[in-house]
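The values are calculated or read from the model by the stated rules, or taken from the named source; none is laboratory data. This structure is a prediction, so every number in the text was calculated from the model and none was measured. Using ideal geometry, Cβ is built from the backbone for each residue, glycine included, and neighbour counts are taken over all protein chains shown. Only protein heavy atoms, including side chains, enter the accessible area calculation; ligands, DNA and RNA are left aside. Shrake-Rupley method; radii C 1.70, N 1.55, O 1.52, S 1.80 Å.
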Amino acid sequence: MPAHRDRSDRAGPLPGAGPGGAAPRAARHGHAWEIRLPAVLETLGLVRTGLRRRLAQLEWPDDAALDVLLAVNEAVSNAVEHAFPPGAPDGTVEVVAEVEPVDRQRRLRVRIRDTGRWLPRPGPEEDVNRRRGLPMMSVLMAEVLIHRGGPAPSDGTVVTLLSPPVPTL
């Protein structure tokens, strides 16, 4: 199986392909970093590792980087766990992170897009220890925007996370 390179740095190949042989795709264009992966839990580590590398390259402050990583991990986890009902065809999750200037500072805009469907919220009788992801993302990020796709199963959901501003280098 060929190695796949996360082009956001020169550290070497990502650790293999995703489940079922599906290859992760990662790239960086200017200040943008992106990765597209199969929508399975085993790929969450690839997102965290690649984004952590990119934030280190950008010299993002440690505490702010941790907040971004936690929020992105939660959004990707939600997409993997909730966008694809049992028996649905395999889908993908794409993460795109871009640096934006804001009032002599900079912030990160991260878009998490899945090819699944926004599923109905579970009833109150279901696991009461869940449903904390969106509030957590709202605390960690300056803004959380959710765009639910159309009626087609592959219209997907896009979650946009805007980080609080950090100093410009």
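Structure above, values below:
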read-out: Among residues of the range 83-108, those that are surrounded by fewer than 19 Cβ atoms within 10 Å (Cβ to Cβ) and within 19 Å of LEU140 (Cβ to Cβ), counted; value: 6
read-out: Looking only at the range 55-75, and only at residues there that are more than 16 Å from GLY149 (Cα to Cα) and open to solvent by less than 20 Å² (accessible area, probe 1.4 Å), the one that is nearest to the chain's Cα centre (by Cα); value: VAL72
read-out: Matching residues, the range 44-54, being of a type outside the set (Gly, Ala, Ser) and under 11 Å from the mean Cα position of the chain (by Cα); value: LEU44, LEU46, VAL47, ARG48, LEU51
read-out: Pairs with Cβ under 6 Å, 6+ apart, first in the range 86-106 and in contact (Cβ under 8 Å) with a residue 60 or more places away in the chain and at negative phi, second loosely packed, with under 11 Cβ neighbours inside 10 Å and among the charged types (D, E, K, R); value: none
read-out: Selected residue (criterion: least open to solvent (accessible area, probe 1.4 Å)) from residues of the range 147-161 that are within 20 Å of MET136 (Cα to Cα) and free of Cβ contacts under 8 Å to residues at least 60 places away in the same chain; value: THR160
read-out: Any hit, the range 25-39, residues being on the phi > 0 side of the Ramachandran plot and modelled with pLDDT of 90 or more; value: no
read-out: Within the range 41-54, tally of residues that are over 20 Å from ARG109 (Cα atoms) and crowded, with 17+ Cβ neighbours inside 10 Å; value: 1
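Each row is one residue, and each column tells you yes or no for (1) part of a strand (DSSP E or B); (2) at pLDDT 95 or above; (3) closer than 20 Å to GLY133 by Cα.
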{"position": "ASN73", "(1), (2), (3)": "no, yes, yes"}
{"position": "PRO86", "(1), (2), (3)": "no, no, no"}
{"position": "PRO89", "(1), (2), (3)": "no, no, no"}
{"position": "ARG106", "(1), (2), (3)": "yes, yes, no"}
{"position": "ARG109", "(1), (2), (3)": "yes, yes, yes"}
{"position": "TRP118", "(1), (2), (3)": "no, no, yes"}
